[in-house]
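For reference, the structure discussed in these notes is given below.
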Amino acid sequence: MLSIKNLHARVEEKTILKGLNLEVKPGEVHAIMGPNGAGKSTLGYVLSGRDGYEVEQGSAMLNGTDLLALETEERARAGLFLAFQYPVEIPGVSNLEFLKASVDAVRKARGEDALSSADFLKLARAACKQVNLPAEFLKRGVNEGFSGGEKKRNEIMQMILLEPSLCILDETDSGLDIDALKVVAEGVNSQRSEQRAFVVVTHYQRLLDYIKPDYVHVLADGKIVRSGGPELAKELEAQGYSWLAGHEVSA
Ligand code: ADP
Ligand code: MG
Ligand code: MG
């Protein structure tokens with residue numbers, strides 16, 4: 001589903017990703033952990049095509065499509081979904097309008113008809129319920145004045161509505177209380193399927209108690225330096241990242 005080979009990318013004049021390899025198959029959940037500044041968020045930004053992030057070398061394919069050749073909006077239509085550490089606010093655009101426009105665009109790209117406003121409203125209300133957000137949040141400006149936890153729930157709701165094939169969650173757990181963390185995890189778990197894969201970036205093992213990953217990777221200095229199963233996350237939690245120094249294993 002996602003195949004990243006020898007990815008090198010820079011921001012400004014600084015090379016951040018230095019030969020990253022990652023293979024994700026349909027149905028899998030991969031967790032990416034690693035020290036601050038390792039390049040975890042940069043990976044998400046590069047895959048999403050954010051301005052200022054330049055690919056120097058390597059490739060990233062999603063379901064056989066060259067992601068790096070697509071415009072940002074086209075990547076979403078190709079089935080990529082990213083939930084960022086800091087969701088953007090779009091005052092003046094209602095959450096419902098924003099969601100409908102995003103879903104219409106993705107449906108169109110999949111060759112499906114746009115949903116009627118009434119049908120979409122039903123789906124959106126059901127999604128609100130699933131993530132424990134009152135339906136009034138559909139009328140508010142996108143993320144406008146939402147608390148940290150509400151923003152994260154809102155992103156999971158968006159993910160549920162968009163039905164992407166690959167979801168990347170960047171530190172969706174940071175700053176969440178335990179209830180919000182469980183809502184996010186349940187949202188993710190409810191969307192797990194044979195047709196969909198997840199890459200979950202997290203600092204803490206805690207989230208992985210709720211979202212059970214198939215694989216755990218350590219990203220350090222722009223590369224995956226270690227890969228393993230869920231037990232790797234537990235070792236990291238117990239011992240930090242320093243014990244990895246000198247034990248680099250290429251993925
Ligand atoms: P992580 O998410 O693993 O904590 P990031 O991907 O956010 O790490 O950052 C990796 C490195 O890239 C850091 O050293 C950071 O300072 C640098 N970096 C990220 N964005 C920019 C930018 N816009 N300009 C310059 N340096 C940046
Ligand atoms: Mg960070
Ligand atoms: Mg980050």
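The values are calculated or read from the model by the stated rules, or taken from the named source; none is laboratory data. Predicted model only: the values in this text are computed from it and were never measured. So basically every Cβ, Gly included, is an ideal-geometry build from the backbone, and we count neighbours across all protein chains shown.
Residue by residue, here is whether (1) of a type in the set (Phe, Trp, Tyr); (2) over 26 Å from LEU236 (Cβ atoms); (3) touching a helix residue (DSSP H, G or I) at 6+ places or on another chain (Cβ under 9 Å) holds:
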site: SER3; (1), (2), (3): no, no, no
site: LEU20; (1), (2), (3): no, no, yes
site: GLY34; (1), (2), (3): no, no, yes
site: TYR45; (1), (2), (3): yes, no, no
site: GLU54; (1), (2), (3): no, yes, yes
site: GLU74; (1), (2), (3): no, yes, yes
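Restricting attention to the stretch 215-235, which residues are hydrophobic (A, V, I, L, M, F, W, C) and within 16 Å of ligand 3 (Cβ to nearest atom)?
Step one: filter the stretch 215-235 for residues hydrophobic (A, V, I, L, M, F, W, C), giving 216, 218-220, 224-225, 232-233.
Of everything in the stretch 215-235, those that are hydrophobic (A, V, I, L, M, F, W, C) and within 16 Å of ligand 3 (Cβ to nearest atom) turn out to be VAL218, LEU219, ALA220, ILE224.
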How many residues are under 17 Å from the mean Cα position of the chain (by Cα) and away from ligand 2 (no atom under 16 Å from the Cβ) when one looks only at the stretch 36-67? 8
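Per-residue answers, yes or no, for (1) surrounded by fewer than 17 Cβ atoms within 10 Å (Cβ to Cβ); (2) touching a residue at least 12 places away in the same chain (Cβ under 8 Å):
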position: HIS8; (1), (2): no, yes
position: GLU13; (1), (2): yes, no
position: THR42; (1), (2): no, yes
position: LEU47; (1), (2): no, yes
position: GLU54; (1), (2): yes, yes
For the stretch 160-187, give me the residue count where each residue is under 17 Å from ALA31 (Cα atoms), in contact with a helix residue (DSSP H, G or I) (Cβ under 7 Å, 6 or more places away or on another chain) and assigned to a helix (DSSP H, G or I). 5
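Okay, residues lined up against (1) among the aromatic types (Phe, Trp, Tyr); (2) surrounded by 15 or more Cβ atoms within 10 Å (Cβ to Cβ); (3) farther than 19 Å from GLU74 by Cα:
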residue: LEU99; (1), (2), (3): no, yes, no
residue: ASP104; (1), (2), (3): no, yes, no
residue: ARG110; (1), (2), (3): no, no, no
residue: ALA114; (1), (2), (3): no, no, no
residue: SER117; (1), (2), (3): no, no, yes
residue: PHE120; (1), (2), (3): yes, yes, yes
residue: ALA124; (1), (2), (3): no, yes, yes
residue: ALA127; (1), (2), (3): no, yes, yes
residue: ASN132; (1), (2), (3): no, yes, yes
Suppose the filter is within 16 Å of ligand 2 (Cβ to nearest atom), over 26 Å from ALA238 (Cα atoms), in contact with a strand residue (DSSP E or B) (Cβ under 7 Å, 6 or more places away or on another chain) and of a type outside the set (Asp, Glu); does VAL11 pass it? yes
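Among the residues of the stretch 168-223, write down those that are at positive phi and more than 13 Å from ligand 1 (Cβ to nearest atom).
Let us first name the residues in the stretch 168-223 that are at positive phi, namely 171, 175, 221-222.
The answer is GLY175, and nothing else.
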So is VAL29 more than 16 Å from ligand 3 (Cβ to nearest atom), in contact with a strand residue (DSSP E or B) (Cβ under 6 Å, 6 or more places away or on another chain), modelled with pLDDT of 95 or more and within 20 Å of LEU62 (Cα to Cα) or not? yes
Listed by first then second residue, the pairs whose first member lies in the stretch 119-136 and is within 21 Å of GLY148 (Cβ to Cβ), whose partner is of a type in the set (D, E, K, R) and at pLDDT 95 or above, with beta carbons under 8 Å and at least 6 positions apart or on separate chains, are ALA135/ARG125
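Identify, from the list GLU155, GLU150, the residue that is under 30 Å from ALA60 (Cα atoms), acidic (Asp, Glu), within 17 Å of the chain's Cα centre (by Cα) and part of a helix (DSSP H, G or I).
On the way: GLU150 fails: under 30 Å from ALA60 (Cα atoms).
None of the other options fit; the residue is GLU155.
Any residue at all in the stretch 32-40 that's closer than 21 Å to LEU169 by Cβ, within 16 Å of ligand 1 (Cβ to nearest atom), of a type in the set (Val, Ile, Thr) and assigned to a loop (DSSP other than H, G, I, E, B)?
Of the stretch 32-40, the ones closer than 21 Å to LEU169 by Cβ are 32-40.
With the extra rule that they be within 16 Å of ligand 1 (Cβ to nearest atom), the set shrinks to 32-40.
Okay, now just the ones that are also of a type in the set (Val, Ile, Thr), so 32.
Those still in the list that are assigned to a loop (DSSP other than H, G, I, E, B) too: none.
So far as the stretch 32-40 goes, no, none of its residues is closer than 21 Å to LEU169 by Cβ, within 16 Å of ligand 1 (Cβ to nearest atom), of a type in the set (Val, Ile, Thr) and assigned to a loop (DSSP other than H, G, I, E, B).
Name the one entry in LEU123, LEU96 that is out of contact with any Gly (no Cβ under 9 Å at 6 or more places or on another chain) and over 30 Å from LYS25 (Cα atoms). Walk me through it before giving the result.
Working: LEU123 fails: over 30 Å from LYS25 (Cα atoms).
Only one candidate qualifies: LEU96.
One line per residue, one yes/no per condition, for (1) out of contact with any strand residue (DSSP E or B) (no Cβ under 8 Å at 6 or more places or on another chain); (2) modelled with pLDDT under 95; (3) under 24 Å from LYS25 (Cβ atoms); (4) not polar (S, T, N, Q):
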position	(1), (2), (3), (4)
GLY44	no, yes, yes, yes
GLY49	yes, yes, yes, yes
PRO87	yes, yes, no, yes
LYS108	yes, yes, no, yes
SER116	yes, no, no, no
ASN132	yes, yes, no, no
GLU144	no, yes, no, yes
